[in-house]
Amino acid sequence: MAADAACGADIERRREPVYVSIKELVDLTPWSEQAIRTMMRRGMFKLDVHYFQPFGRRSQVIFKWTKVMELIEGKVARQTQIVIDSAPSKSIIPMPNGKVIDVQEATQAALRRLA
């Protein structure tokens with residue numbers, strides 16, 4: 001009987017949340033609520049990727065825990081590094097939103113607009 005209880009406790013410990021509120025995210029990470037909101041404004045957390053507002057802009061923010069963990073563990077950064085390493089030109093700037101800017105291409109586009 002004790003073995004069954006221990007097994008049940010292990011299952012409970014391993015179960016991770018799928019979605020968390022900002023307050024729960026504060027408890028799960030070293031970030032304050034203000035830091036999380038700042039990260040949202042700066043685009044580090046992306047709407048419809050890391051967090052959702054299922055009932056519109058003024059509704060509660062809900063984070064997808066697996067995507068937050070990927071961000072924390074650097075999977076996004078590693079994917080960006082692979083893109084940079086495989087690019088023919090090294091004049092690339094990785095952006096916080098996961099996109100990559102090719103400096104030469106951006107410069108040429110700006111010069112075309114100015115001409």
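Among the residues of the range 50-60, the ones that are crowded, with 17+ Cβ neighbours inside 10 Å and either of a type in the set (Lys, Arg) or part of a loop (DSSP other than H, G, I, E, B) (or both) come to 1 in all.
Applying a threshold of 6 Å to beta carbon distances and a minimum spacing of six or more residues, or different chains, the list of pairs starting in the range 88-115 at a residue that is over 29 Å from HIS50 (Cα atoms) and not assigned by TED's automatic domain parsing to the domain that holds MET39 and ending at one that is at pLDDT below 75 and exposed (fewer than 12 other Cβ atoms within 10 Å of the Cβ) reads GLN104/SER89.
The values are calculated or read from the model by the stated rules, or taken from the named source; none is laboratory data. Computed from a predicted model, the values in this text were never measured in an experiment. Using ideal geometry, Cβ is built from the backbone for each residue, glycine included, and neighbour counts are taken over all protein chains shown.
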